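*Asks:* Next up is a structure, given as structure tokens.
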Ligand SMILES: Cc1ncc(C[n+]2csc(CCOP(=O)(O)OP(=O)(O)O)c2C)c(N)n1
Ligand SMILES: [Mg+2]
């Protein structure tokens, strides 16, 4: 554990300091449970039809699949602080950000299943999700979220709108030139931008020590003269504390910030990953920091929930997800005649 659990006294102090409420923390717990249940349900459905020989083109969900089990606190520490008018640009690992931004689980699942009722009528798939009402977008191109979110932030500033754009990206993406270019422009133009680096220690199978000259992105960011925070990405309260400051600053026209959230993904880089690059012991060490159990433990210590209440929330989250998956599965596939509608060409 790289930040120890707060004592009871510290916990109450943090709750007061960060203006956390019983409702707010229970809602964070609920959203993290929904994300966990959603990702686990997708993993289960994705595996169907992919044995005995793993073939990405077979089964009810086709193509590559990147899940974010373990990384729930990063999304839930940031997105619920945003309004619908604020923009979020995510990555190839986007479901947790989408759900935390409020995207409907049914339409999200339907898009993942390639169905007509999906966010993009089944044409985007799991890595290309767009929700216009909620200003949510993502891209399978690593490093693309930085300039895309900066573009949205530039438009907000140009029009004088008090809106904020958030770019999520992995620590591997931060090695792309787009990170440096975006930081430079965002500071120069004081864009209402928050960059969240979700450092899960690996870019595909490459551990960060083998790919990054500087292990901490907040240090890179500091070179561009902007506030940068290093937070425990397995602790939703820690992520939220930095996010609140960064979002407030951006909304007030005081420029961009970077948040580096250190976290861990429990599943492979993609479903089907042989995961030969890490050990079971390492995974178990990180599982001991599980963001959902840690928040559950704190809710109990605060007297805001007991085991029954937490179990009820978990069961309700599973029900929401089961309904979303059922909606996706009973939805029709897109009509081939509409293949060229709603796309550039
Ligand atoms: C421009 C580009 N280069 C390479 C890839 C292939 N690729 C997909 S995910 C990935 C690793 C990304 O690592 P990181 O940014 O740390 O995100 P994580 O997968 O850990 O969430 C790579 C190299 C890609 N999709 N886009
Ligand atoms: Mg990574």
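*Asks:* Just to check your reading of the model, which residue among 265, 245, 254, 278 is farther than 21 Å from residue 79 by Cα and either within 15 Å of ligand 2 (Cβ to nearest atom) or modelled with pLDDT of 95 or more (or both)?
*Replies:* Values: 265 fails: farther than 21 Å from residue 79 by Cα; 245 fails: farther than 21 Å from residue 79 by Cα; 254 fails: farther than 21 Å from residue 79 by Cα.
That would be 278, the only listed residue that is farther than 21 Å from residue 79 by Cα and either within 15 Å of ligand 2 (Cβ to nearest atom) or modelled with pLDDT of 95 or more (or both).
*Asks:* Is it the case, given these coordinates, that residue 180 is within 21 Å of residue 230 (Cα to Cα) and either touching a strand residue (DSSP E or B) at 6+ places or on another chain (Cβ under 7 Å) or surrounded by fewer than 18 Cβ atoms within 10 Å (Cβ to Cβ) (or both)?
*Replies:* Values: within 21 Å of residue 230 (Cα to Cα): yes; either touching a strand residue (DSSP E or B) at 6+ places or on another chain (Cβ under 7 Å) or surrounded by fewer than 18 Cβ atoms within 10 Å (Cβ to Cβ) (or both): yes.
The answer is yes for residue 180.
*Asks:* Does any residue in the range 196-208 that is under 18 Å from residue 138 (Cα atoms) and modelled with pLDDT of 95 or more come within less than 9 Å, Cβ to Cβ, of a residue that is assigned to a strand (DSSP E or B) and near ligand 2 (Cβ under 7 Å from one of its atoms) six or more places away or on a different chain, and which pairs are these?
*Replies:* Partner pairs satisfying both residue conditions: 197/170; 198/170; 199/170; 203/170.
*Asks:* For residue 73, only one of the following conditions fails: (1) more than 16 Å from ligand 1 (Cβ to nearest atom); (2) surrounded by 16 or more Cβ atoms within 10 Å (Cβ to Cβ); (3) modelled with pLDDT of 95 or more. What is its number?
*Replies:* For residue 73, the failing item is (1).
*Asks:* Tell me the helices (runs of 4 or more DSSP H) entirely within the range 1-90 that contain at least 3 residues that are more than 25 Å from residue 306 (Cβ to Cβ) and out of contact with any helix residue (DSSP H, G or I) (no Cβ under 6 Å at 6 or more places or on another chain).
*Replies:* In the range 1-90, 22-47 are the helices (runs of 4 or more DSSP H) which contain 3 or more residues that are more than 25 Å from residue 306 (Cβ to Cβ) and out of contact with any helix residue (DSSP H, G or I) (no Cβ under 6 Å at 6 or more places or on another chain).
*Asks:* Then there's this: Out of curiosity, is residue 98 touching a residue at least 40 places away in the same chain (Cβ under 8 Å), buried (at least 21 other Cβ atoms within 10 Å of the Cβ) and within 21 Å of residue 73 (Cβ to Cβ)?
*Replies:* Values: touching a residue at least 40 places away in the same chain (Cβ under 8 Å): yes; buried (at least 21 other Cβ atoms within 10 Å of the Cβ): yes; within 21 Å of residue 73 (Cβ to Cβ): yes.
Yes, satisfied.
*Asks:* Right, another one. Name the single residue, out of those in the range 221-232 being buried (at least 16 other Cβ atoms within 10 Å of the Cβ) and under 22 Å from residue 164 (Cα atoms), that is farthest from ligand 1 (Cβ to nearest atom). Give the derivation first.
*Replies:* Of the range 221-232, the ones buried (at least 16 other Cβ atoms within 10 Å of the Cβ) are 221, 224, 226-232.
If we keep only those that are under 22 Å from residue 164 (Cα atoms) too, we end up with 221, 224, 226-231.
Working: 221: 16, 224: 19, 226: 21, 227: 22, 228: 18, 229: 18, 230: 16, 231: 17 Å.
The residue in question is 227.
*Asks:* Of (1) within 16 Å of ligand 2 (Cβ to nearest atom); (2) surrounded by 20 or more Cβ atoms within 10 Å (Cβ to Cβ), residue 149 satisfies all except one. Which?
*Replies:* Every condition holds for residue 149 apart from (1).
*Asks:* Same structure, new question: Within the range 44-54, is there a residue that is more than 16 Å from ligand 1 (Cβ to nearest atom), buried (at least 24 other Cβ atoms within 10 Å of the Cβ) and either at positive phi or under 17 Å from the mean Cα position of the chain (by Cα) (or both)?
*Replies:* For the range 44-54, residues more than 16 Å from ligand 1 (Cβ to nearest atom), buried (at least 24 other Cβ atoms within 10 Å of the Cβ) and either at positive phi or under 17 Å from the mean Cα position of the chain (by Cα) (or both): absent.
*Asks:* Sticking with this one: Helices (runs of 4 or more DSSP H) wholly in the range 279-345 with at least 2 residues that are exposed (fewer than 11 other Cβ atoms within 10 Å of the Cβ) - which ones?
*Replies:* 280-287, 307-330
*Asks:* Got a sec? Which of 324, 305 is within 19 Å of residue 99 (Cβ to Cβ) and touching a residue at least 40 places away in the same chain (Cβ under 8 Å)?
*Replies:* Details: 305 fails: within 19 Å of residue 99 (Cβ to Cβ).
Of the residues listed, the single one that is within 19 Å of residue 99 (Cβ to Cβ) and touching a residue at least 40 places away in the same chain (Cβ under 8 Å) is 324.
*Asks:* Quick check on my filter: what residues within the range 101-139 are under 18 Å from residue 86 (Cβ atoms) and outside any loop (DSSP other than H, G, I, E, B)?
*Replies:* Within the range 101-139, 101, 130, 131, 136, 137, 138 meet the criteria.
*Asks:* Is one or more of the residues making up the range 158-167 within 12 Å of ligand 2 (Cβ to nearest atom) and within 18 Å of the chain's Cα centre (by Cα)?
*Replies:* Among the residues of the range 158-167, not one is within 12 Å of ligand 2 (Cβ to nearest atom) and within 18 Å of the chain's Cα centre (by Cα), which makes the answer no.
*Asks:* When you scan the range 198-215, do you find a residue that is within 28 Å of residue 160 (Cα to Cα) and touching a strand residue (DSSP E or B) at 6+ places or on another chain (Cβ under 8 Å), even just one?
*Replies:* No - not one qualifying residue is present in the range 198-215.
*Asks:* Taking only the range 190-208 into account, find how many residues are within 12 Å of residue 226 (Cβ to Cβ) and either within 16 Å of ligand 2 (Cβ to nearest atom) or surrounded by fewer than 19 Cβ atoms within 10 Å (Cβ to Cβ) (or both).
*Replies:* 2
The values are calculated or read from the model by the stated rules, or taken from the named source; none is laboratory data. What you are looking at is a predicted structure, and each value in this text was computed from that prediction instead of being measured. A quick note on method: Cβ atoms are made from the backbone with ideal geometry, for glycine too, and the neighbour counts reach across all protein chains shown.
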